[in-house]
Amino acid sequence: MILEGLVTTTDEEGKVHVAPMGPRVDSDMQSFLLRPYPSSNTCKHLMNRLEGVLHVTDDVTLIAQGAIGKVVAPECFSAKVVEGFVLKEACRAYEFQVSRIDTSEERVRLECNVLEVHHLRDFFGFNRAKHAVIEAAILASRTAFLNPEDIISEFRKLSVIIQKTGAEREISAFSLLENHVTCKLQEKLGLGG
């Protein structure tokens, strides 16, 4: 199963980096598989430090910001076991260490072992709008290689869901992603700003 979440890593200067990531997990959550793209900052940080923190959250604003690299100074505290950071707004957090690296495929395969678990707050849950923001965040992070017409079509469908079932936070997160996608697709198609 793929669990959508956020991964915090630490850059060369010791600063927190937040990125959405969907690791392959099983129900015991003792270990999991991350598959970042080799060019991503998350992959570079994990290859360098071999540790990080996986977060489960229902905060779609943070997921949206992370997908487009717009998370600025997230509220966090120092991890207990790894050299890293735990997001205060997460529901659960899993400090992990990379135990095996496989670079033979298009995406790097990082097998990770959980070292420490944090239960921070109850998981509020998802409505259709929160799911739509997650889908939009995935699309927004892939504008470089997905067909622009497909992205626009999917955003139109997701917009209807957001308007019908979303609250202010979901509407705002979706708008952030929509603006990002519009700019990226205009650049890609050479239409300017």
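The values are calculated or read from the model by the stated rules, or taken from the named source; none is laboratory data. Because the structure is predicted, anything quoted here is derived from the model rather than measured. Every residue, glycine among them, receives a Cβ derived from its backbone with ideal geometry; neighbour counts consider all protein chains shown.
When restricted to residues that are of a type outside the set (Ser, Thr, Tyr), more than 16 Å from the chain's Cα centre (by Cα) and outside any strand (DSSP E or B), the range 89-106 contains 2. Give Glu135, Glu149, Glu83 a once-over and let me know the one that is in the same structural domain as Leu177 (by TED's automatic domain parsing), acidic (Asp, Glu) and more than 19 Å from Gly22 (Cβ to Cβ). Glu149 is the lone residue from the list that is in the same structural domain as Leu177 (by TED's automatic domain parsing), acidic (Asp, Glu) and more than 19 Å from Gly22 (Cβ to Cβ). Among the residues making up the range 26-37, those that are out of contact with any Gly (no Cβ under 9 Å at 6 or more places or on another chain) and assigned to a strand (DSSP E or B) are Ser31, Phe32, Leu33. Mind telling me which of the residues Cys76, Cys91 ends up being free of Cβ contacts under 8 Å to residues at least 40 places away in the same chain and assigned by TED's automatic domain parsing to the domain that holds Val25? Residue meeting the stated conditions: Cys91. In the set Leu120, Leu177, only one residue is at pLDDT 95 or above, surrounded by 15 or more Cβ atoms within 10 Å (Cβ to Cβ), touching a helix residue (DSSP H, G or I) at 6+ places or on another chain (Cβ under 6 Å) and at negative phi; that residue is Leu177.
Could you list, in sequence order, all residues of the range 16-70 that are aliphatic (A, V, I, L, M) and farther than 19 Å from Glu95 by Cβ? Listed by number, the residues that qualify are Val60, Ile63, Ala64, Ala67, Ile68.
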